[in-house]
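Undergrad: Let me begin by handing over the structure; questions about it come next.
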Amino acid sequence: MPVIAGRVSELIGQTPLFELAVDRTSGARLFLKLETFNPTGAAKIRMARAMVLDAERRGQLRAGGHIIESTSGNTGLGLAVVARERGYRFTAVVDHHACAAKLNAMRAMGAELVFVSEEGDDGLSTSAREELAAELAAAEGPSAYFPAQHDNPANGVGYYALAEELLADLEKVDILVGAVGTGGSLFGTARGLRDRGCDPRLIGVEPEGSIAFGPPAHDYWQSGTGTPEGAAPGIHVDQDLRLIDERDRIKVSDIDAFATARALAAELGLLIGGSSGGSVLAALTRLAEFPPHSIVVVIVNDDGEKYLDTVFDEKWMNDRHLLDRSREAEIVTLLRRQRPAHRIDPRELEALRHLDLALPHADAHDDERARQVELIRTLDALGLPANEIGELLGRTGDQVCLALDKHRQRLTDQAAQVAQLVSTLRGTAPSAPDATHPIHVPAPAPEAAAK
């Protein structure tokens with residue numbers, strides 16, 4: 001990527017990696033490849049550019065030509081950018097299942113929108129879109145080009161650079177997780193990795209209701225992914241689905257996918273699209289099952305800002321019976337449990353602010369305050385998390401002892417897990433852990449001793 005870009009398409013790629021989670025037992029690490037940092041906030045601009053350049057090389061798209069494509073939004077956004085740069089007209093054949101933000105953005109970039117459904121009909125109409133796009137291109141003649149992303153080999157080629165970026169940043173990828181959809185991003189990236197000597201295990205994720213992994217078929221709200229009933233998966237899925245083991249073909253409900261996207265926003269301030277939430281959940285809930293020290297990458301295809309009036313709008317979610325706060329809370333708990341050590345828990349920051357307020361002023365001589373300060377320092381030396389220390393301030397001695405007993409049990413459990421891991425790595429039977437884990441309490445200062 002140039003330091004100073006002359007075209008928006010020069011900003012495609014070199015997207016960042018975000019370390020989301022680490023399994024404390026196996027050491028498996030989960031990274032998000034944030035394709036949201038591409039222009040248009042999505043991965044599909046990579047394949048939009050690749051399809052246009054391929055059509056130019058083949059003579060299928062000439063100066064002043066007209067691109068006509070079926071899209072649920074992100075492919076259309078990418079084609080709108082590339083068409084604008086290279087002097088083509090672009091018509092997007094769409095339905096009202098696409099979120100309004102994507103439709104408005106395509107219009108803003110000069111695209112003409114042709115709808116296959118009436119306003120108010122927000123059902124998914126993939127087959128009808130593709131049929132109409134093909135008919136419009138055929139009727140116009142040689143000046144029109146129908147990319148047909150599901151059946152276009154250049155779709156997958158557009159993601160080879162993504163594979164290069166992953167290996168440059170991580171050196172290896174053991175497990176690659178992503179939405180299947182047209183197959184371009186997951187299988188194209190996987191092929192790019194294999195061409196460079198890296199053959200990862202693939203985990204494909206689809207919405208419940210998609211037929212890519214087989215029936216049952218039903219409607220779903222996840223946008224830009226899946227294969228609805230009546231639609232063909234396309235050449236990438238037909239050719240490469242065999243690369244995904246049956247155990248790794250994961251279907252995720254709308255409720256779970258959207259709850260994950262909302263949990264990431266609430267806990268980390270990270271906005272991703274609803275379907276990307278499904279891919280993240282598939283990896284996050286299986287992280288403990290992966291081999292030790294695995295490098296796991298989820299391709300996050302879409303940003304969340306396009307879904308502020310849908311996935312992140314409580315009325316929209318409630319009206320469709322998609323909001324599940326208890327599920328969101330479960331995912332937040334999982335994120336906290338698998339938080340990388342280098343990322344400070346925001347609850348600890350809040351607790352530390354309370355601890356700071358608890359410290360005596362320079363001229364303070366209050367005995368109770370001094371005891372609290374000594375308690376803070378002692379509990380911190382014992383390794384209690386700061387948020388737990390904050391909860392104990394002002395509590396009775398019995399409550400503090402109960403918390404210490406729980407902490408001792410936690411240390412015992414951790415010691416047993418470490419022993420098990422060491423024995424696994426050495427190929428020996430684990431020795432029986434001690435029944436207790438001694439806690440060495442620093443001696444308090446005489447003037448701060450508990451009464």
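Undergrad: Output the residues belonging to the stretch 304-347 that are modelled with pLDDT under 90 and within 16 Å of G269 (Cα to Cα). Spell out how you get there, then give the answer.
TA: Let us first name the residues in the stretch 304-347 that are modelled with pLDDT under 90, namely 341-347.
R343, I344, D345, P346, R347, listed by residue number.
Undergrad: Buried (at least 17 other Cβ atoms within 10 Å of the Cβ), touching a helix residue (DSSP H, G or I) at 6+ places or on another chain (Cβ under 7 Å), free of Cβ contacts under 8 Å to residues at least 60 places away in the same chain and part of a helix (DSSP H, G or I) - does that describe any residue in the stretch 49-58? Before you say what the answer is, go through the steps one by one.
TA: Our first condition is that a residue be buried (at least 17 other Cβ atoms within 10 Å of the Cβ); within the stretch 49-58, this holds for 49-55.
Filter again for touching a helix residue (DSSP H, G or I) at 6+ places or on another chain (Cβ under 7 Å), leaving 49-52, 54.
With free of Cβ contacts under 8 Å to residues at least 60 places away in the same chain added as a condition, the list becomes none.
Looking for residues that are buried (at least 17 other Cβ atoms within 10 Å of the Cβ), touching a helix residue (DSSP H, G or I) at 6+ places or on another chain (Cβ under 7 Å), free of Cβ contacts under 8 Å to residues at least 60 places away in the same chain and part of a helix (DSSP H, G or I), one finds none in the stretch 49-58, hence no.
Undergrad: So E112 fits all but one of (1) crowded, with 20+ Cβ neighbours inside 10 Å; (2) in contact with a strand residue (DSSP E or B) (Cβ under 8 Å, 6 or more places away or on another chain); (3) modelled with pLDDT of 90 or more; what number is the exception?
TA: (1) is the only condition that E112 fails.
Undergrad: Let me confirm something: among F146, F115, which residue is outside the structural domain of L17 (by TED's automatic domain parsing) and either among the small types (G, A, S) or more than 28 Å from A257 (Cα to Cα) (or both)?
TA: After ruling out the rest, the residue left standing is F146.
Undergrad: Out of the stretch 102-133, which residues are outside any loop (DSSP other than H, G, I, E, B) and free of Cβ contacts under 8 Å to residues at least 24 places away in the same chain? Break it down stepwise before answering.
TA: First, pick out the residues of the stretch 102-133 that are outside any loop (DSSP other than H, G, I, E, B): 102-108, 112-115, 126-133.
Those that are outside any loop (DSSP other than H, G, I, E, B) and free of Cβ contacts under 8 Å to residues at least 24 places away in the same chain: N104, R107, A108, E112, L113, V114, F115, E131.
Undergrad: Something else about it: Quick one: which residue in L193, L170 is outside the structural domain of A48 (by TED's automatic domain parsing), at negative phi, of a type outside the set (K, R) and touching a residue at least 40 places away in the same chain (Cβ under 8 Å)? Can you show your working first?
TA: Values: L193 fails: touching a residue at least 40 places away in the same chain (Cβ under 8 Å).
Unique residue meeting the criteria: L170.
Undergrad: Restricting to the stretch 65-92, and then to whatever is among the polar types (S, T, N, Q) and assigned to a helix (DSSP H, G or I), can you tell me which residue is surrounded by the most Cβ atoms within 10 Å (Cβ to Cβ)? Talk me through it step by step, then tell me what you get.
TA: First pass over the stretch 65-92, keeping only residues among the polar types (S, T, N, Q): 70-72, 74-75, 91.
From what's left, assigned to a helix (DSSP H, G or I): 74-75.
Details: N74: 30, T75: 26.
It comes out as N74.
Undergrad: Output yes when any residue across the stretch 236-252 is closer than 30 Å to R343 by Cα, at pLDDT 95 or above and in contact with a helix residue (DSSP H, G or I) (Cβ under 8 Å, 6 or more places away or on another chain), and no when none is.
TA: yes
Undergrad: Among the candidates T71, T15, single out the residue that is at negative phi and at pLDDT below 95. Let's see the steps before the verdict.
TA: Values: T15 fails: at pLDDT below 95.
Testing whether each residue is at negative phi and at pLDDT below 95 leaves just T71.
Undergrad: Starting from the stretch 1-28, take each residue that is under 23 Å from L264 (Cα atoms) and list its partners that are assigned to a loop (DSSP other than H, G, I, E, B) and small (G, A, S), counting only C-beta distances under 7 angstrom and pairs at least six apart or across chains.
TA: Sorted first by the residue in the stretch 1-28, then by its partner, the pairs are A28/S294.
Undergrad: Okay, next question. Would you tally the residues in the stretch 196-206 being touching a residue at least 12 places away in the same chain (Cβ under 8 Å) and either of a type outside the set (A, V, I, L, M, F, W, C) or surrounded by fewer than 22 Cβ atoms within 10 Å (Cβ to Cβ) (or both)? Steps first, answer last, please.
TA: Of the residues in the stretch 196-206, the ones touching a residue at least 12 places away in the same chain (Cβ under 8 Å) are 196, 198, 200-206.
Restricting the remaining residues to those that are either of a type outside the set (A, V, I, L, M, F, W, C) or surrounded by fewer than 22 Cβ atoms within 10 Å (Cβ to Cβ) (or both) gives 196, 198, 200-201, 204, 206.
Here the count works out to 6.
Undergrad: Then there is this: With (1) closer than 16 Å to L186 by Cα; (2) surrounded by 17 or more Cβ atoms within 10 Å (Cβ to Cβ) as the list, and R242 as the residue in question, which single condition is left unmet?
TA: Result: R242 fails condition (2) only.
Undergrad: Filter the stretch 207-220 for residues that are crowded, with 22+ Cβ neighbours inside 10 Å and in contact (Cβ under 8 Å) with a residue 60 or more places away in the chain; which is nearest to the chain's Cα centre (by Cα)? Before you say what the answer is, go through the steps one by one.
TA: Quick first cut of the stretch 207-220, residues crowded, with 22+ Cβ neighbours inside 10 Å only: 207, 210, 212, 220.
Next, from what is left, pick out any that are in contact (Cβ under 8 Å) with a residue 60 or more places away in the chain: 207, 220.
Details: P207: 15, Y220: 19 Å.
Looking at the filtered set, the residue picked out is P207.
Results for (1) under 27 Å from T40 (Cβ atoms); (2) surrounded by fewer than 24 Cβ atoms within 10 Å (Cβ to Cβ); (3) of a type in the set (A, V, I, L, M); (4) at pLDDT below 95, shown as yes or no for each residue.
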site	(1), (2), (3), (4)
F258	yes, no, no, no
R262	yes, no, no, no
A265	yes, yes, yes, no
V280	yes, no, yes, no
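Undergrad: State all residues of the stretch 210-240 that are more than 25 Å from E305 (Cα to Cα) and in contact with a Phe, Trp or Tyr (Cβ under 8 Å, 6 or more places away or on another chain); if no residue qualifies, say none. Working first, answer last.
TA: Step one: of the stretch 210-240, the residues more than 25 Å from E305 (Cα to Cα) are 211-218, 229-240.
Residues satisfying the conditions are H236, V237, Q239, D240.
Undergrad: If you check R249 against the conditions, is it under 19 Å from S210 (Cβ atoms) and surrounded by fewer than 21 Cβ atoms within 10 Å (Cβ to Cβ)?
TA: Values: under 19 Å from S210 (Cβ atoms): yes; surrounded by fewer than 21 Cβ atoms within 10 Å (Cβ to Cβ): yes.
Considered against the rule, which asks whether it is under 19 Å from S210 (Cβ atoms) and surrounded by fewer than 21 Cβ atoms within 10 Å (Cβ to Cβ), R249 comes out as yes.
The values are calculated or read from the model by the stated rules, or taken from the named source; none is laboratory data. The model shown is predicted, which means the values in this text are computed figures rather than measured ones. Cβ sites come from the backbone with ideal geometry, for glycine too, and all protein chains shown count toward neighbours.
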